[in-house]
Amino acid sequence: MVTNAIKQKMNRGEVALGAGCGIGAPVTAEMIALAGFDWVLIDNQHGTWDRGSSALAFMAVRAGGGVPVGRAPANDYAAIGRLLDEGALGIIVPLVETREDAQRVAFACRYPPAGGRSVGPAGARAYGPDYMDRINDEVFVAIQLESKQAIGNAEAIMSVDGVDGCWLGPADLALSLGHAPNTPQHDAAVHTMIAVCKKLGKAPGIAAGTVEQAAKWIAAGCTFVCVGADSLWVMAGAKAELSALRR
C-alpha cells in the first residue's frame, strides 16, 4: 500500500526534515535517507540528474527508509509527470508566480478527475497494486514562492486545490526583493508565506541553508524544511580534512 510518511507527519502538525541531493549519485541519496532524514530531494532543477539516475535515486531513498521528493526543472507537465512515474511521492515545482501557474502544477500532479496526469507509472509500480487508487491522496505537491510577485500573489496561489504546501526559495526571493536573507524585508516576505499557508491549511516550507536557519523558520511555523545538501557536505568535509592536515 502506498503511503506518504511526510504528508502524514505534516498533517499531524509535525516537521518533516529533508536534505538536498544534486550530485547525481543514487548511493548518496540512499546515504542521506539512511542518516534518518524524513525526505530526500532529488533536484532536477539544479542537480546533475537525468531520467535514469533519478529513477535509481528514488529507489535508493526508499531503500534507505526515506520519502523520495523530486524537484522538477520547470513548471512543465511532462517533466512533472516523469518524476511521479519514476517514483517521487513529493513534487516541488520552482518559480510559481500566479494562480494560473499553480493550477498547472496541480493539474499535472493528479490523475483525473482531480487533475490531468497521464497514466504510465514505471518505478512507481513499486508502491503496489493500489498505487493508482491512492496516489492522488498520498502525493505531496509543493510550489516555490521565490519572487516579489509570488509573495504578492501568495493567497491566490496557495488557495489552489491540489497544492499541498510551499517550499520557499530564499536565495531567489532575495534577488527579486533586492534584500538579502535575514534582513527585515526578506523575513517579512517569508512570514507572509507562513501566514498564508496557515490560514489556508497548507504546509509552509523553506529551503534552509543551515541548521540555524532551519531552527529559525521551524520556530516561525515551517513544517516542510530542507537543510544541507550532498555537495555542500562533501565540500565542507574536504575543507575540514585539508585544513587539519595542513595544521
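The values are calculated or read from the model by the stated rules, or taken from the named source; none is laboratory data. Values in this document were obtained by computation on a predicted structure and should not be read as measured data. All Cβ positions, even for glycine, are placed from backbone atoms using ideal geometry, and neighbour counts span all protein chains on display.
Structure notes:
- Unique match (being more than 27 Å from E97 (Cβ to Cβ), under 20 Å from the mean Cα position of the chain (by Cα) and at pLDDT 95 or above) among D137, D164: D137
- Some residue of segment 227-246 being basic (K, R) and crowded, with 17+ Cβ neighbours inside 10 Å: no
- Being more than 16 Å from I91 (Cα to Cα), within 17 Å of the chain's Cα centre (by Cα) and either assigned to a helix (DSSP H, G or I) or not hydrophobic (A, V, I, L, M, F, W, C) (or both) is a property that holds for D172.
- Cβ-Cβ distances below 6 Å connect the following pairs, each with a first residue in segment 5-16 that is closer than 8 Å to T223 by Cβ, a second residue that is at pLDDT 95 or above and part of a loop (DSSP other than H, G, I, E, B), and a separation of six or more residues or different chains: M10/T223; V15/T223; A16/D38.
Conditions tested, residue by residue: (1) part of a loop (DSSP other than H, G, I, E, B); (2) out of contact with any Pro (no Cβ under 6 Å at 6 or more places or on another chain); (3) not small (G, A, S).
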| site | (1), (2), (3) |
| --- | --- |
| N182 | yes, yes, yes |
| H186 | no, yes, yes |
| V190 | no, yes, yes |
| I206 | no, yes, yes |
| A215 | no, yes, no |
| I218 | no, yes, yes |
| C222 | yes, no, yes |
| L232 | no, yes, yes |
| M235 | no, yes, yes |
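- Qualifying residues in segment 196-226 (those that are surrounded by fewer than 16 Cβ atoms within 10 Å (Cβ to Cβ) and touching a strand residue (DSSP E or B) at 6+ places or on another chain (Cβ under 8 Å)) - the one nearest to V15 (Cα to Cα): V211
- Restricted to segment 31-49, and to residues there that are touching a strand residue (DSSP E or B) at 6+ places or on another chain (Cβ under 8 Å) and in a helix (DSSP H, G or I), the residue that is nearest to V234 (Cα to Cα) is I32.
- Members of segment 85-113 found to be farther than 24 Å from A150 by Cα and either under 13 Å from the mean Cα position of the chain (by Cα) or part of a loop (DSSP other than H, G, I, E, B) (or both), listed by number: G87, A88, L89, Y111, P112, P113
- Lone qualifier among G64, G90, G81 - being in contact with a Ser or Thr (Cβ under 7 Å, 6 or more places away or on another chain) and in contact (Cβ under 8 Å) with a residue 12 or more places away in the chain: G81
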